Structure formats: structure tokens, C-alpha cells
1. Modelling each spin label as a point 7 Å along the Cα-to-Cβ direction, I'd like the residue 133/residue 246 distance in nm, to one decimal.
2. Taking the simple approach of a point 7 Å from Cα along Cα-to-Cβ for both residue 232 and residue 197, what is their distance in nm?
3. Probe of 1.4 angstrom, ligands and nucleic acids ignored: what's the accessible area per residue over segment 1-157, in square angstrom?
4. Size of the dipole of segment 1-56 about the Cα centre, Lys and Arg at +1 and Asp and Glu at -1 on the beta carbon, nothing else charged, in debye to 20?
5. Using R₀ = 25 Å, calculate the FRET efficiency as 1/(1 + (r/R₀)^6) where r is the Cβ-Cβ separation of residue 316 and residue 170; round to 0.05.
6. Once you charge only the Cβ atoms, +1 for Lys and Arg and -1 for Asp and Glu, what is the size of the charge dipole of the chain about its Cα centre, to the nearest 20 debye?
7. Starting with the highest mean, order 15-23, 259-267 by the number of other Cβ atoms within 10 Å, averaged over the residues of each peptide.
8. So for each of 40-47, 296-303 I average, over its residues, the number of other beta carbons within 10 Å; can you give me the resulting order with the highest mean first?
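The values are calculated or read from the model by the stated rules, or taken from the named source; none is laboratory data. All of these numbers come straight from a predicted model, not from anything done at the bench. With ideal geometry, Cβ positions are generated from the backbone for all residues, glycine too; neighbour counts draw on all protein chains shown. Heads up: the accessible areas ignore ligands, DNA and RNA and are worked out on the full protein's heavy atoms, side chains in. Shrake-Rupley method; radii C 1.70, N 1.55, O 1.52, S 1.80 Å.
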Amino acid sequence: MRTTTLGTTGPRTAALGLGCMGMSALYGDADRAESVATIHAALEAGITLLDTGDFYGMGHNELLINEALRTAPAASREQALTSVKFGALRTVEGGFTGYDGRPDAVKNFAAYSLQRLGTDHIDIYRIARVDPDVPIEETVGAIAELVEAGHVRHIGLSEVGAETLRRAAAVAPISDLQIEYSLISRGIEAEILPTARELGIGITAYGVLSRGLISGHFARDRKLAANDFRGMSPRFQGENLDRNLDLVDALRKIAEQKGVTVAQTAIAWVLAQGQDIVPLVGARTRERLTESIGSLDVTLDAADLSAIATAVPAGAAAGERYPAAQMAHLDSER
């Protein structure tokens, strides 16, 4: 397994991370035993970074990771890194009502996460979305106090714009920015990615397969469960879906010529954008995990990258990456 460092101040990690959200929420029902087995398989393969959020399944995901780590071989368990997002406010029915970045709330969220994860520290801690009512300096300052106390090892950020990134980095060292980045979500390239690189901040890229849309496995006639987020995601609706799957068909031709899968090609493209970018693969099964890990063996040369750029041009995706209400919470889109 190739390794890299998250930014200039972050931990050493594998070149791929495992996003665990789908094992608990937003993509329909998941198989708990298969989820635990998938985490075990990831650790055995050398993946070290496990990404979660305290609001994924209202704590379910953290408890799942706790179970997986408790039952994993000691060598794998000791190498695991936990990356935790906090701050989302939920309703009993599962709705989102905002974000809380007040210092006291930050420490409260951390206390609960430590208990659910069954650990004495969180490796990387970040607010999921900027709280518009709390200066980012106060939120990051509170995490810095958790670092000083030994409860957190590194500070991360999520979905913030370049200006917010600079303000946060002026308060304390930032290991990485977690943000959506894929062939069809390239908004970070203009300003956010150059700013992160200037500041020595790594990128943990989620949505590298755009929630399965560019995985090569999503069919036009697929019926989504009522509890699947994609049922209300703009890119999965009507004509948008048709246009986006046309892009996938174009990408599939390139993948077939190389003898690899569409998903492997899409992940390899993200990997090719720089060693400071760690893709988070949202595999919920060992089969999908194995496919994703195979992307590390895919080499994209200049001709391949040019062909991909022609097949899937920047800005070609149809539809926003979130519904309007959720887009409004993205500091990175302002």
C-alpha cells in the first residue's frame, strides 16, 4: 500500500482512505456484518484512514467502527486512524437543522465521539460545515484546545472556501481539508486547491465516484430506496441523470481500452492530481473495496488524461452536487 502524509503537519496515511458513512446512513440499508468485514479487509490491505461523522446514523457509524476495531487483529487496529466530522444538528426523523461550531459544543461533541469510538483520542477532528454564526477561529481554537489536552491529534476542515482556510490556518496547524473532488466535481481547482497547497494542507477527497454515479455500476432504471439520499440529489434526477450517465459511457470506453473498470479509472484520475490528495472510497462491501484498491495499480499517462479530459470535460456534470438547501451550507461554494 502506497502511503503519503496529510499536508505538512498531518499523519502518515495510506494513499486511499475508507469513507464509512454509507455503512450507516443515506444510501439505503446496509449489512452490518458485511460493513465490519469490509473495514477489516481495508485494514488488512493497508488502508489506515477511516472517515466518519458523529451524525452518521446518529452515532451508529462511530459504534460500528468501534466494533470493527475491537474485533480486528491488533496490528491492524493499532495502525488505524479515525477522522471524525462533528457539528451537524439532527431531528428525531433524521432531518438536518444546521451546524453548531461553538467552543463548548465542539468539546461536547468530542466527548460523545470518544465514548462511542471507545478510544482516548481522535486522530483528525473537523466540523462538517462552517457554522455561520460562529467565527471559524473560535471553532478551530476549541479543537486546538482538545489537541493540547491530548483528546485530538490533528485538526481538519471540511467544505470550506479559500478565505476560511486561510483564517483557520492562522489559528492552528491544519492537516487536511476534506472536500468533494471527482471528475465531475472540480470546483476546488480554481482557488481552494491552490490555497491548500500554498498553506501545506492536504486534501482528503470524498465523492470520488460521485455517490456511485460515475462508478460504472449505476443504471438508468435503478430504483432507489426511500432512505437513499440520491433520490433527491439533483445529479440523479431525470435528464440530469441521463446526461451524467452519458459521461460515464464515454469514460467506460477509455477504461475498457486500458482493461480496468470505470470506478478504477475515476479513482485513478483523482490520485493522478497530486500526492497531496487522498481519495476516500465509500465502499460498503468487500467486493467494491477490492475494486477500489485496484485503482492504485492503474497508471494514467498524458494520453490517458487527455482522453479523459475530452470524455468528461470540467464542468460537464448536469445538476448541482447537493439540493439547494444543503448547497447553502457550503462555505466552499460561496
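1. 4.5 nm
2. Each label point is offset 7 Å from its Cα along the Cβ direction, giving 3.7 nm.
3. With the other protein chains kept in place, segment 1-157 gives 41 Å² per residue.
4. Numbers: 3 positive and 6 negative charges, 64 e Å.
I would put it at about 300 debye.
5. 0.10
6. Roughly 460 debye, rounded to the nearest 20.
7. Ranking, from highest mean packing down: 15-23, 259-267.
8. Working: 40-47: 20.2, 296-303: 12.5.
In descending order of packing, they fall as 40-47, 296-303.
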